[in-house]
Every structure is written in structure tokens, then in C-alpha cells.
Amino acid sequence: RLEELEPELEAARRHAAALEREAAAWQLLGNELAAAEQAQRERLVAPVRSRLRPLLHRLWPDAGIELDPETLSPRELRRSGLAEPLRTLSVGTREQLAVLVRLALGDVLREREGESPCLVLDDALVFADESRFERMQALLAEAARTRQIVILTCRPRDWLGLGGRRIRLEACRIAKAGR
């Protein structure tokens, strides 16, 4: 009986070896695709990160940032050598980072496409301390030279020194009622 089953055993061994080679090939393909996908993400994230670095340093001179390659959202802020996950940062710091990322992305798009999308901020920076608020205003004023920035706010006096056109909703309502 053993002699009768020997050819079946040999065929099973050959089949198992072929399956192992196929599994190794699929594993290699999966690894190569993952590496290519990671490289593609890095090619997209790297320009944003490089434009973000000088903006970031205006608020935190020794800071670095890690961005999520899928969403370009900040994952963590590194200050003084310490990594701080986004969820541990204050609301003010998170909103400042969000504005900086949008400015950096706008710079990349302007370089690649010839223009930057409009940046719309709705009561942005309300949690910033006075010093950072002033630095963020300066960054926004500089950015406004190359792109349109719309700031919606219920605290217009905070933005008086920046110039630009102001439209008050009350004036729109009065003008509409006067028709």
C-alpha cells in the first residue's frame, strides 16, 4: 500500500512547493505595491511638509510635524524633541496647525496649478493667545498677497488691522430690505 501511495505523496509535495512559490510571489507583490503606495503618498506629502516647515517655525521655532498621508491632517507636533499627538494639543494649537496646513497646501497648489484655492476661515483662531494670534494674522496677511482669504467672524474688531474688504451681514440685510 505504501508503494501505491508514494506517487500521490510526491505529487502532493510538488503541489505544496508550487503553492509556497505562489504565496511567496503574492507576498512580494503585496510588499512592492505597499512600498509604491507609500512612496506615492510621500511624494504628495513632502512638498506640503516643506512649505509648512517655515510657517510652523514662525509659531514654534524648533517644531516639526507629522502629517497623515491620506488626509494631510496633522498627526503630531514635535516641539523641543517631544512628540505630541494631535489629540493632546490644545484646541488653539490644533486650529493654528489646521490653518498652517491649508496655507502650505495652497502654496503647493499655486506652484503646481498656477493659482491657490480660496481659503475660507470661519471664526478661526478664537482660541489663540494674543501673541500667536498676532503671528497668525501676519502669516495670513502675507498669504493674502497671493490668494483670496475670506474670514467669517462674529468678532470683527480682532481683524481690523489686516485691511482687505469688509462686508457686514447687517449691511446686506438692510440693503435687501431697502429694495
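Looking at region 1-116, the strands (runs of 3 or more DSSP E) lying wholly inside it that each contain 1 or more residues that are without any contact (Cβ under 8 Å) to a residue 12 or more places away in the chain and not basic (Lys, Arg) sit at 74-79, 82-85.
I'd like to know if region 153-162 contains one or more residues that are of a type in the set (A, V, I, L, M, F, W, C), surrounded by 11 or more Cβ atoms within 10 Å (Cβ to Cβ) and touching a Leu at 6+ places or on another chain (Cβ under 6 Å). Within region 153-162 (the criterion being of a type in the set (A, V, I, L, M, F, W, C), surrounded by 11 or more Cβ atoms within 10 Å (Cβ to Cβ) and touching a Leu at 6+ places or on another chain (Cβ under 6 Å)), the answer is no, since none of the residues qualifies. Within the span defined as region 144-159, every residue fails to be among the small types (Gly, Ala, Ser) and in contact (Cβ under 8 Å) with a residue 24 or more places away in the chain. Among the residues of region 117-146, the one identified as surrounded by 14 or more Cβ atoms within 10 Å (Cβ to Cβ), assigned to a loop (DSSP other than H, G, I, E, B) and not aliphatic (A, V, I, L, M) is Phe127.
Residues in region 164-178: is at least one closer than 24 Å to Gly64 by Cα, surrounded by fewer than 16 Cβ atoms within 10 Å (Cβ to Cβ) and either in contact with a helix residue (DSSP H, G or I) (Cβ under 7 Å, 6 or more places away or on another chain) or not polar (S, T, N, Q) (or both)? Within region 164-178 (the criterion being closer than 24 Å to Gly64 by Cα, surrounded by fewer than 16 Cβ atoms within 10 Å (Cβ to Cβ) and either in contact with a helix residue (DSSP H, G or I) (Cβ under 7 Å, 6 or more places away or on another chain) or not polar (S, T, N, Q) (or both)), the answer is no, since none of the residues qualifies.
Could you please let me know if Ala36 is of a type outside the set (Lys, Arg) and at pLDDT 95 or above? Considered against the rule, which asks whether it is of a type outside the set (Lys, Arg) and at pLDDT 95 or above, Ala36 comes out as no.
The values are calculated or read from the model by the stated rules, or taken from the named source; none is laboratory data. A quick note: this is a predicted structure, and the numbers were derived from the prediction, not measured. For neighbour counting, all protein chains shown are included, and Cβ atoms are generated from backbone atoms with ideal geometry for every residue, glycine included.
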